[in-house]
Amino acid sequence: MNKVVIIGCGNVGMSYAYALVNQKNSVEEIVLIDNNQTKAEGETMDLNHSLPFSPNHLTIKSGTYQDCNDAKIIVICAGAKQLPGETRLDLITKNKEIFKNIITNINNTNFNGIIIVASNPVDIMSYITYKNSKLKPNQVIGTGTTLDTSRLRYIISKKLTINPKNIHVYVLGEHGDSEFVAWTSGLIGTNKISEFLTPEEMDQITKEVKESAYQIIEKKGNTSYGIGACLMRITKAILDNEDAIITTSVYDYHNDIYISKASIINKDGVRGYLNTNLSESEKAKEEVSIQIIKNVISNNC
């Protein structure tokens, strides 16, 4: 059975659950787990009432960690939310102990599927999840810069009036302030992206992408719909064995960190990743991301 367990029934967890209900997919059962059991029960009732209009045949229930035993995917959305003025890295102290408790509970089951981490700072939380779990590196995936890449393609599509599905350019590195756009390897259709955008326009778009989350948090208090859709995309790639290229946060064996790369995602989790062609300046930006994540891990993990 294609069973998905969602840990954390906040804005992100429930946006993801709602995407599972409304987008055609192969998920057969959704289980909601939250410290507030009453909230999990209420969210379950609300979601179940939308099932008559869902394109999927689903069972939805609130549950416990024992429901992880036969799950294909666990998605961790629990943790403190990013407040206005906070960076994603400011959340480490708040979320580290929460995650260790969650992983201990998962370890006490027979779970052997894929864990997707959505909570911030996602690169660090993914690393903590891997290091404290019984799973192999390919079985732990962070959402990474999936959302940043989606934001990038949306902004470019609006500027150029081109379908975002035909825009092939990635945000890589830390899911945070040191992330960078791999403009050098970017394509629109079959043409280099530099044929459509000037360096100044690229710089402005990069700035917009980086500032998007802060602006949304300032205006509405959280980001949820975009990341919910990204979680849906990663879930589909796993359950449908797609070998899809998605900019998830994955384990970098050489540096012993989690960082976003153009990753190949299938039923086993991370099959591998592409060595993206980068300019010298982009390589330097990648190295900055690597060192930031290394330093945070060294000081906090």
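Laboratory data are not the source of any read-out in this text; all were calculated from the coordinates shown. For clarity, every value in this text was computed on a predicted model and none was experimentally measured. Cβ atoms come from the backbone with ideal geometry, glycine included; neighbour counts cover every protein chain shown.
Here are the numbers for this structure:
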quantity	calculated
Helix runs (DSSP H) in the chain reaching 20 Å along axis by Cα, Kyte-Doolittle at least -1.0	92-107, 146-160, 225-239, 280-300
Size of segment 19-106 as Cα extents on the principal axes (Å, biggest first)	41, 31, 25
Segment 174-197 and segment 99-143: distance between their alpha carbon centers, rounded to Å	30 Å
Cβ charges +1 (Lys, Arg) and -1 (Asp, Glu), total dipole of the chain, debye	360 debye
For the chain, the fraction of alpha-carbon pairs in successive 20 Å shells from zero, as %	35, 58, 7
Descending principal axes extents, segment 187-301, alpha-carbon based, whole Å	40, 40, 38
Rule-of-thumb Rg ratio for segment 104-205 [Cα; 2.2 N^0.38 Å; N residues]	1.36
Debye, to nearest 20: dipole size of segment 146-300, +1 on Lys, Arg Cβ, -1 on Asp, Glu Cβ	540 debye
Between segment 15-58 and segment 61-90, the alpha-carbon center distance in angstrom	15 Å
Farthest positive-ward along the chain dipole, Cα basis, beta-carbon charges - from I92, L32, S185	L32
Translational D in µm²/s for segment 193-252 (Stokes-Einstein at 20 °C, 1.002 mPa s, Kirkwood Rh from C-alpha pairs)	150 µm²/s
Given charges at beta-carbon only (K, R positive; D, E negative), |dipole| of segment 1-124 in Debye	160 debye
Whole-number percent relative contact order across the chain, with pairs defined as alpha carbons under 8 Å at least 6 apart	19 percent
Partner lysines for K192 [C-alpha distance under 30 Å; skip if fewer than 8 residues away on the same chain]	K158, K159, K165, K207, K210, K236, K261, K283, K285
